[in-house]
Amino acid sequence: MKTRIRTSRTGAAGFTLIEISIVSAILMIVIGSLTMMAQASDRAFSTGATIAHLESRASATMSQIIRELAIAQNTAVLRPDGAVIDYVQAVDFVAGDPVLTLPRRLAFEYEAGEIDDGIDNNGNGLIDEGLVVLTEDVGAPTERRRVLTRWVSELLQGEIDNGIDDNGNGLIDERGFTMVQSGETITVLLSLQKQGPGNRLLNRSSVTSIRLRN
Ligand SMILES: [Ca+2]
Ligand SMILES: [Ca+2]
Ligand SMILES: [Ca+2]
Ligand SMILES: [Ca+2]
């Protein structure tokens, strides 16, 4: 009678301890790589979403400011720091004379809980950040206040508080919301800022010029 000898190994019982260790190590490397890729993808998505939000807010705010100032009279008064403008709008004409609104104001204001002290008082990751606020019917019983945007950075993008014009726009240490008047034209500069992944500060800016009415 012939005796059969089985030489092949089948099943998990056939793996040696070394083989199992190698497979485990490879699996751990693969899982680690996938986790890192997922985290990087998550960070990229979060950064993109924050930037898109800032761009959208900057654009919407500029549109509102343009709508406000495009019908403002050229009697508008811009304060020397460029952060507040008072004006009236001509909303109609009767017998050639403009029908004017009550006084209106566009202004930079500090965010709730934030003061100008170089510290993040309200703990949102931004230092001395502010708002752009539109006030209608200034000083009247019907006065109302509308926040056009939050996340206004303390200084315009590219600028640091050092007495020098770092971003080369001719203004020194200008705010994240600054208006500049040249004749009947108001140039509006706006920088918004938010914390992205890893507490990295992300910025988006917008500039526009508006000609006041006679
Ligand atoms: Ca803050
Ligand atoms: Ca502060
Ligand atoms: Ca500077
Ligand atoms: Ca500057």
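General remarks:
- Of all residues in the stretch 71-82, those being surrounded by 13 or more Cβ atoms within 10 Å (Cβ to Cβ) and of a type outside the set (Val, Ile, Thr) number 6.
- Candidates Glu19, Glu68, Glu55, filtered to the one that is more than 20 Å from Arg146 (Cβ to Cβ), surrounded by 10 or more Cβ atoms within 10 Å (Cβ to Cβ) and modelled with pLDDT of 95 or more: Glu55
- Just one of the listed residues (Gly130, Gly125, Gly113) is more than 21 Å from Ile71 (Cα to Cα), touching a helix residue (DSSP H, G or I) at 6+ places or on another chain (Cβ under 7 Å) and more than 16 Å from ligand 3 (Cβ to nearest atom), and it is Gly125.
- Pairs meeting the criteria (first residue in the stretch 95-121 and among the hydroxyl-bearing types (Ser, Thr, Tyr) and modelled with pLDDT of 95 or more, second residue more than 16 Å from ligand 4 (Cβ to nearest atom) and not in a strand (DSSP E or B), beta carbons under 6 Å, at least 6 apart or on different chains) are Thr101/Val88.
- Candidates are the residues of the stretch 109-120 that are more than 21 Å from Ala58 (Cβ to Cβ) and more than 6 Å from ligand 1 (Cβ to nearest atom); the one that is farthest from the chain's Cα centre (by Cα) is Asp117.
- Among the residues of the stretch 125-178, those that are more than 16 Å from ligand 4 (Cβ to nearest atom) and within 13 Å of the chain's Cα centre (by Cα) comprise Gly125, Leu126, Glu129, Gly130, Leu131, Val132, Leu148, Thr149, Arg150, Trp151.
- Filter result for the condition that a residue is touching a strand residue (DSSP E or B) at 6+ places or on another chain (Cβ under 7 Å) and modelled with pLDDT of 95 or more, over Asp165, Asp173: Asp173
- Applying the condition of being under 26 Å from Gln195 (Cβ atoms), in contact (Cβ under 8 Å) with a residue 40 or more places away in the chain and among the hydrophobic types (A, V, I, L, M, F, W, C) to the stretch 135-167 and asking which residue is farthest from ligand 3 (Cβ to nearest atom) yields Leu148.
- Test: residue in the stretch 82-104 that is within 16 Å of ligand 4 (Cβ to nearest atom), part of a loop (DSSP other than H, G, I, E, B) and touching a Phe, Trp or Tyr at 6+ places or on another chain (Cβ under 6 Å): yes
- Test: Leu17 is more than 16 Å from Gln181 (Cα to Cα) and of a type in the set (A, V, I, L, M): yes
The values are calculated or read from the model by the stated rules, or taken from the named source; none is laboratory data. Not measured: the values here are computed from a predicted model. In this analysis, Cβ positions are derived from the backbone assuming ideal geometry, glycine residues included, and neighbour counts consider all displayed protein chains.
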